[in-house]
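Contents: one structure, followed by commentary.
The values are calculated or read from the model by the stated rules, or taken from the named source; none is laboratory data. Keep in mind that this is a model prediction, so the values were computed, not measured. With ideal geometry, Cβ positions are generated from the backbone for all residues, glycine too; neighbour counts draw on all protein chains shown.
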Amino acid sequence: MPDMEIIHQLANDVGADTALMLMGIFKDDANTRMAFVRTYSETGGDVKELRVQAHSLKGLCRTYGAARAGDAAMDLQDACDGGDETLIAEKLRTVLDIIPDDVEAAIAAMTTLAGENAGA
């Protein structure tokens, strides 16, 4: 479930049309960062770079109302900081399960809000 307070605030701050455009940029950026996370989960890699991607996802998701996704990314970032590969693998699975759906839910909420505002 998206953080509707953030969704409403973004729409109020920049207008519904601009907010929808920004949500598209958010989705593209999140997808790019998730591609790295998927690759890491399949083949391993640089845990420092995984931490950077998790940190960026945390900020992106929280900024655009995908709060649950932001929390999952924070947990992955914390696991990377701790260096426990078992915990990193667990948090990777959580991120892969939660973030795509939560991003889509935030975009859907903004789309609905923009539609309501257009009819008002």
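Evaluate the range 21-34: report whether one residue or more is touching a Cys at 6+ places or on another chain (Cβ under 9 Å), among the aromatic types (Phe, Trp, Tyr) and surrounded by 13 or more Cβ atoms within 10 Å (Cβ to Cβ).
We begin by selecting, within the range 21-34, every residue touching a Cys at 6+ places or on another chain (Cβ under 9 Å); these are 26, 30.
Now restrict to residues that are among the aromatic types (Phe, Trp, Tyr): 26.
Now drop any that are not surrounded by 13 or more Cβ atoms within 10 Å (Cβ to Cβ), which leaves 26.
Within the range 21-34, one or more residues are touching a Cys at 6+ places or on another chain (Cβ under 9 Å), among the aromatic types (Phe, Trp, Tyr) and surrounded by 13 or more Cβ atoms within 10 Å (Cβ to Cβ).
Grab the helices (runs of 4 or more DSSP H) fully contained in the range 40-120, keeping just those with 2 or more residues being surrounded by 15 or more Cβ atoms within 10 Å (Cβ to Cβ) and at pLDDT below 95. Because the criterion is at least 2 residues that are surrounded by 15 or more Cβ atoms within 10 Å (Cβ to Cβ) and at pLDDT below 95, the helices (runs of 4 or more DSSP H) in the range 40-120 that meet it are 85-119.
Out of all the residues in the range 45-57, is one or more closer than 19 Å to ILE6 by Cβ, of a type outside the set (A, V, I, L, M) and in contact (Cβ under 8 Å) with a residue 12 or more places away in the chain? Scanning the range 45-57, I find at least one residue that is closer than 19 Å to ILE6 by Cβ, of a type outside the set (A, V, I, L, M) and in contact (Cβ under 8 Å) with a residue 12 or more places away in the chain, so the answer is yes.
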